[in-house]
1. Per residue, what volume in Å³ does the Cα convex hull of the chain take up?
2. Estimate the FRET efficiency between GLU113 and LEU53 by the formula 1/(1 + (r/R0)^6), using the beta-carbon distance for r and 35 Å for R0, to the nearest 0.05.
3. For the stretch 1-82, compute Rh as the Kirkwood radius over C-alpha pairs and then the Stokes-Einstein diffusion coefficient at 4 °C and 1.567 mPa s; write the answer in µm²/s, rounded to an integer.
4. Counting just the Cα atoms, what span does the stretch 75-130 cover along each of its three principal axes? Round to the nearest Å and put the largest first.
5. For labels at LEU71 and GLU134 in the simple 7 Å Cα→Cβ model, what's the distance in nm?
6. At GLU124 and LEU102, where each label point lies 7 Å from the Cα along Cα→Cβ, what is the point-to-point distance in nanometres?
7. What is the local net charge at VAL63, summed over the other residues whose Cβ is closer than 12 Å to its Cβ (Lys, Arg +1; Asp, Glu -1)?
8. Given a 1.4 angstrom probe, I'd like the percentage of the accessible area of the chain that is carbon and sulfur, rounded to a whole number.
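The values are calculated or read from the model by the stated rules, or taken from the named source; none is laboratory data. On a predicted model such as this, the values are computed, not experimentally measured, just so you know. Heads up, the Cβs are rebuilt from the backbone with ideal geometry, glycines too, and the neighbour counts pull from every protein chain shown. Note: areas computed on protein heavy atoms with side chains; ligands, DNA, RNA excluded. Shrake-Rupley method; radii C 1.70, N 1.55, O 1.52, S 1.80 Å.
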Amino acid sequence: MNREIVVASRHVSQVIGRTPDQVYEFAANPANLPRWAAGLANSPVTIDGDRLLVDSPMGQVTVRFVPHNDLGVLDHDVTLPSGTVVNNPVRVLSHPNGAEILFTVRQIELSDEEFERDLEMVAEDLRRLKELLEAQSS
């Protein structure tokens with residue numbers, strides 16, 4: 001009998017004083033990843049077809065985003081050095097103060113301590129995204 005692996009999920013969000021389209025376009029651009037997503041990319045990203053090759057704090061990973069869309073969906077799969085694929089649901093939503101970016105973090109192959117560290121890294125990345133976008137002139 002197959003035993004189901006329990007995977008915890010937590011949502012991390014950040015309100016950004018920009019339109020949802022502005023947040024989506026900036027966050028969806030692979031060239032911008034090292035500027036705001038230090039938990040994923042800590043150097044320029046190499047584009048290889050529909051894959052991004054990224055040097056991350058976890059080692060070299062492969063990232064595949066869903067196709068560009070009008071719905072604010074930035075879901076992406078990250079293939080870890082171990083070969084495990086982690087699906088990361090991300091949404092850019094309309095918010096009364098501009099936009100809200102919502103990132104679902106899943107506890108896959110992580111201890112509770114590592115999961116908490118990942119949650120904080122994602123929160124810091126989203127704060128950095130807010131700072132970058134709000135510093136830009138309208």
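1. Values: hull volume 17.3 nm³, N = 138.
Value for the chain: 125 Å³ per residue.
2. Numbers: r = 29 Å, r/R0 = 0.82.
Taking R0 as 35 Å, the efficiency between GLU113 and LEU53 is 0.75.
3. Numbers: Rh = 14.4 Å.
Approximately 90 µm²/s, per Stokes-Einstein.
4. Ordered largest first, the stretch 75-130 gives principal extents of 40, 21, 15 Å.
5. 2.9 nm
6. Label-label distance for GLU124 and LEU102, simple model: 2.6 nm.
7. Values: positive: ARG51, ARG64; negative: ASP48, ASP50, ASP55, ASP75, ASP77.
With Lys, Arg at +1 and Asp, Glu at -1, the neighbours total -3.
8. On the way: 4090 of 8100 Å².
In the chain, the share of accessible area belonging to carbon and sulfur is 50 percent.
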